[in-house]
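> My questions will all concern the structure given below.
The values are calculated or read from the model by the stated rules, or taken from the named source; none is laboratory data. Values in this document were obtained by computation on a predicted structure and should not be read as measured data. Positions of Cβ are backbone-derived with ideal geometry, glycine not excepted, and every protein chain shown enters the neighbour counts.
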There are 2 protein chains.
Amino acid sequence: MVRLATLRDGSRDGRLAVVARAGDRYAEASTIAPTLQRALDDWDRVEPGLTELSHELESGSAASVALDPTLLLAPLPRAFEWVDASAYINHIVLVRRARGAAPPATLATDPLVYQGGSGVLLGPRDGIPLPDPAWGLDFEAELCVVLGDTPRGVQASEANRYVRLLMLANDVTFRGLVPDELAKGFGFFGSKPATAFSPFAITPDELGPAWRDGRVHLRLRSRLNGVLVGDPEAGPEMHFSFFDLIAHITKTRAFTAGTILGSGTVSNADRARGVSCLAERRMIETIESGAAQTRWLSSGDTVEIEMLDGSGWNLFGSIEQRVIAV
Amino acid sequence: MVRLATLRDGSRDGRLAVVARAGDRYAEASTIAPTLQRALDDWDRVEPGLTELSHELESGSAASVALDPTLLLAPLPRAFEWVDASAYINHIVLVRRARGAAPPATLATDPLVYQGGSGVLLGPRDGIPLPDPAWGLDFEAELCVVLGDTPRGVQASEANRYVRLLMLANDVTFRGLVPDELAKGFGFFGSKPATAFSPFAITPDELGPAWRDGRVHLRLRSRLNGVLVGDPEAGPEMHFSFFDLIAHITKTRAFTAGTILGSGTVSNADRARGVSCLAERRMIETIESGAAQTRWLSSGDTVEIEMLDGSGWNLFGSIEQRVIAV
């Protein structure tokens, strides 16, 4: 039961901290492991110390400091890989329809994943830079797992052992750049600028029974300028579970500790649950009324992403980002 | 004038060494910077010390050790990003023709790049694992640059300042997995297993006048089972220079120090220069005789990749890999 964060200290990789369940206080963990990457590099040795510090923090026996989320980096400010899937079929169907592309024939049998840029990752309160409003800035609310060392050829049935941590992500996308880029055949590149992550990376046991079958059975809530835009269930419609996705990505390759694997935009067929990105909402508007009314993000807009458990705990802390013209 | 290598020492990132011009001896550099990533993280402070050690090594005043290339890791055994372009138009045209795909309409104006996996990179003597011969294993001989911290929006005319080092790469590809993967629209993933790199990463000034206009004006030599298969000129037909590629990749994103940027398979229209991958040779055979004769790589095959300068120096050392059934 550990909740980890990375403190901004002027260094590239920040300093590791253990965070209280309430998300309001932390204890420095840098004597156990200086950074989250170093903790993941040596997880079996390091994890007991982090768990002990977490217990001490909850019991009040560890020295703690009030947590200011604006001083957090992404849990991994730079990672060795960021692999993002698209595991919610409702999202694939809507977004492909929006750009006039057919869903792949293997939609339900062969997971979609892309390799994202991982050298520059944004913290939970970092601004989203917008160089050109014509690029069509969108957010995408996702879940992700952080892997330990993961060999080639993992079966879904044994994938759980490679999951170290979970986080939320805002997979920022320039929708306007996607069609021309994908038409070239080599996948996303410039259309996916730096991804942002939640304040906390948590061990799966923090989720209790909500973590099962490689899915998180809770709602993921997104707000735009303070207004709820979606709170879909992340569990049942995740067609490929994280375990399925681990089996898929390890078919030909191994992965180093600290690899981040995303679920893709969380999406439900029930329209009452709203959306986790604006592209879906625009497509629904087009279907229902012939034209999209929702505009893409522009300077000053704010995006909030968070996930509460049944008791109201804000499990990962909140991603709260403002769009900044640059 | 520095030539760097990473010594295998049981750690994930190895230990930094400065290598003599002859490639036969090295001096440990770990008191200057423990790893190549750490050197790149703090290049302006670290580089003078590495240069001084290099001079001492050449003059015989530094303690040195005989270099065994089998004990080297990739210069960066794991990197924060591996971005691979396809800058030689002859290669794009041949390979797309081989899989029945049209070259993109923007072939000559908009560079092709894909985001590769960077968490597991192979050393110059590591075996190439082949889990399934039906996957169609191929090599691709390339040049690449290692970037320092590179902001968004770099112009080609100012890109040179972000180039720290050059290396050779063997961008291993499972050709048989490419068509189905690209048909899904998200680019390469499983069809590109771990890439291998040359023994040495060298500063651009090691190339002398052969490094100009963001291109390396030397021949890149590939051998299969000891037989020369290609020695194309890497300079003139690199349609997009490394400077053009840096401008392209920074259109929407910034990159952290240690990002590796590849040229794509080096390829000349002159068939006398041979090939830097088997897919091209198979396509040429198909054009000339109606069918491909060359088989894909199989267990026991060896691939060698190297680049000599005008005086016969083996600038990057040799990539020498054997295919290993796993």
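> Kindly indicate the residue of region B:243-267 that is away from chain A (no Cβ under 14 Å) and of a type in the set (A, V, I, L, M, F, W, C) and also nearest to residue B:277 (Cα to Cα) among those meeting that condition.
Within region B:243-267, the match that is nearest to residue B:277 (Cα to Cα) is B:266.
> While we're here: Could you check residue B:10 against (1) within 23 Å of the chain's Cα centre (by Cα); (2) surrounded by fewer than 17 Cβ atoms within 10 Å (Cβ to Cβ); (3) under 25 Å from residue B:322 (Cβ atoms) and say which number it fails?
(1)
> While we're looking at this one, here's another question. Tell me, yes or no, whether region B:222-242 has at least one residue that is within 14 Å of another protein chain (Cβ to nearest Cβ) and hydrophobic (A, V, I, L, M, F, W, C).
Taking region B:222-242 and keeping what is within 14 Å of another protein chain (Cβ to nearest Cβ), we get B:240.
Okay, now just the ones that are also hydrophobic (A, V, I, L, M, F, W, C), so B:240.
Yes: region B:222-242 contains one or more residues that are within 14 Å of another protein chain (Cβ to nearest Cβ) and hydrophobic (A, V, I, L, M, F, W, C).
> Taking residue A:266 as the residue in question, decide whether it is touching a residue at least 40 places away in the same chain (Cβ under 8 Å) and in a strand (DSSP E or B).
Working: touching a residue at least 40 places away in the same chain (Cβ under 8 Å): yes; in a strand (DSSP E or B): no.
Here the answer is no, as residue A:266 does not meet what is asked.
> Which condition does residue B:284 not pass, out of (1) outside any helix (DSSP H, G or I); (2) of a type outside the set (Asp, Glu); (3) surrounded by fewer than 19 Cβ atoms within 10 Å (Cβ to Cβ); (4) modelled with pLDDT under 95, if it passes all the others?
(1)
> Within region A:200-222, which residues are surrounded by 23 or more Cβ atoms within 10 Å (Cβ to Cβ), β-branched (Val, Ile, Thr) and outside any strand (DSSP E or B)?
Across region A:200-222, there are no qualifying residues.
> OK, next. Condition first: among the hydroxyl-bearing types (Ser, Thr, Tyr) and under 30 Å from residue B:200 (Cα atoms). Now tell me which residues in region B:274-310 satisfy that. Before the answer, list the steps.
Taking region B:274-310 as the starting set, the residues that turn out to be among the hydroxyl-bearing types (Ser, Thr, Tyr) are B:276, B:286, B:289, B:294, B:298-299, B:302.
The answer is B:276, B:298, B:299, B:302.
> Please go through region B:78-99 and give me each residue that is farther than 24 Å from residue B:273 by Cα and out of contact with any Ser or Thr (no Cβ under 6 Å at 6 or more places or on another chain), ordered by number.
Residues of region B:78-99 that are farther than 24 Å from residue B:273 by Cα, as a first pass: B:78-83.
Hit for region B:78-99 is B:83, nothing else.
> Of A:96, A:164, A:78, which residue is touching a residue at least 40 places away in the same chain (Cβ under 8 Å) and within 28 Å of residue A:298 (Cα to Cα)?
Result of the check over A:96, A:164, A:78: A:78.
> Still on this structure, please answer the following. Please note which strands (runs of 3 or more DSSP E) are completely contained in region B:101-199 and include at least 2 residues that are under 14 Å from residue B:82 (Cα atoms), more than 8 Å from chain A (Cβ to nearest Cβ) and touching a strand residue (DSSP E or B) at 6+ places or on another chain (Cβ under 7 Å).
Working: elements: B:113-116, B:128-130, B:141-147, B:163-170.
Result: B:141-147, B:163-170.
> Additional query: Among the strands (runs of 3 or more DSSP E) lying completely within region A:1-74, list those that include at least 2 residues that are free of Cβ contacts under 8 Å to residues at least 24 places away in the same chain and away from every other protein chain (no Cβ under 14 Å). Reasoning before the result, please.
Numbers: elements: A:3-7, A:15-19, A:25-28.
Strands (runs of 3 or more DSSP E) meeting the threshold: A:15-19.
> Scan region B:49-76 for residues that are of a type in the set (Gly, Ala, Ser), more than 23 Å from residue B:145 (Cα to Cα) and surrounded by fewer than 18 Cβ atoms within 10 Å (Cβ to Cβ) and jot them down.
Passing the criteria: B:59, B:60, B:61, B:63, B:66.
> From the list B:46, B:18, which one is more than 27 Å from residue B:192 (Cβ to Cβ) and in contact with a Phe, Trp or Tyr (Cβ under 8 Å, 6 or more places away or on another chain)?
Numbers: B:46 fails: in contact with a Phe, Trp or Tyr (Cβ under 8 Å, 6 or more places away or on another chain).
Within the list B:46, B:18, the selection yields B:18.
> Look at region A:77-100 and say how many of its residues are farther than 22 Å from residue A:145 by Cβ and in a loop (DSSP other than H, G, I, E, B).
Taking region A:77-100 and keeping what is farther than 22 Å from residue A:145 by Cβ, we get A:93-100.
Imposing the further condition that a residue be in a loop (DSSP other than H, G, I, E, B) reduces the set to A:99-100.
Of the residues in that region, 2 qualify.
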